[in-house]
Amino acid sequence: MRVAVLSDTHAPRHWKRCPAAVAEALHGVDAILHAGDVCTAATLDELARFAPVYAVLGNNDGPDVASWGAAEVLRLDLGGLPVAMIHDSGPAKGRPARLRRMFPDAGLVVFGHSHIPLDETHDGQRIFNPGSPTDRRRQPHGTMGELAIEDGRLRSARIFPVTRDSTTG
């Protein structure tokens, strides 16, 4: 199972339509996770043309995103892997232990909010923030993530750039 992971797209301010590099990465995925701050339900509809979308509410999401089906917290099974999603995982200090307490049974926790890409494993739990494809803030690139899940295990995870380096224009 191939899963695309996005967060903090901030439409329409930063996401007018799906950027070409993101669309290319979405072709052929089995599912899309969006870790919040979508900002418009239309963005979720656009993503759903590629694959089923699972989304959580971010601090900038309104009633239309909630009505679309985004929840504050989401727990789901992806290919046998227990996954949890939340937008804001709290401060970096203490994050792994806090997420373990919040989601003790999750093998993978996906979150957003900071726009800072992160992929770490703590106490057997993978924590994953794909960054933002469109609002990179202090990061050199806009980024997104991709997961490969097989037989209930996360076989691979990667965060990759979908914009050019900020120093090259």
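The values are calculated or read from the model by the stated rules, or taken from the named source; none is laboratory data. Since the model is a prediction, treat every value here as computed from it, not as a measurement. Note that each Cβ is placed from the backbone with ideal geometry, even for glycine, and that neighbours are counted across all protein chains shown. These area figures cover heavy atoms from the full protein model, side chains too; ligands, DNA and RNA do not enter into them. Shrake-Rupley method; radii C 1.70, N 1.55, O 1.52, S 1.80 Å.
Here are some notes:
- Candidates A148, G69, A51 compared by Cα position along the dipole of the chain: farthest toward the positive end lies A148, with charges placed on Cβ.
- Accessible surface of the chain [probe 1.4 Å, protein heavy atoms]: carbon and sulfur percent: 51 percent
- Around M144: net Lys/Arg minus Asp/Glu count, Cβ-Cβ under 14 Å: -3
- Cα centroid separation, region 61-80 to region 83-151: 16 Å.
- Each Lys or Arg adds one and each Asp or Glu takes one away; over the other residues whose Cβ falls under 11 Å from the Cβ of A92, this sums to +2.
- Taking all pairs of distinct alpha-carbon atoms in region 1-64, Kirkwood radius in angstrom: 11.6 Å
- Region 53-169 - charge dipole about Cα centre, Lys and Arg +1 at Cβ, Asp and Glu -1, debye rounded to 20: 440 debye
- Of the trypsin sites (Lys or Arg not before Pro) found in region 1-79, the ones in coil according to DSSP and having at most 13 other Cβ atoms within 10 Å of their Cβ are R13, K16, R17, R49.
- Taking every protein chain into account, the accessible area of the chain amounts to 46 square angstrom per residue (probe 1.4 Å).
- Overall Cα dimensions of the chain - principal axes, largest extent first, Å: 39, 36, 29
- From its DSSP helices (H runs of at least four residues, each -39,500 (n - 2.57)), the chain gives a residue-normalised ellipticity at 222 nm of -4500 deg cm²/dmol.
- Around the amide H of E72, modelled in the peptide plane, lie the amide H atoms of L57, all under 5 Å away and 5 or more residues distant in sequence or on another chain.
- Size of charge dipole - region 13-108 - debye, nearest 20, with Cβ of Lys, Arg +1 and Asp, Glu -1, no other charges: 420 debye
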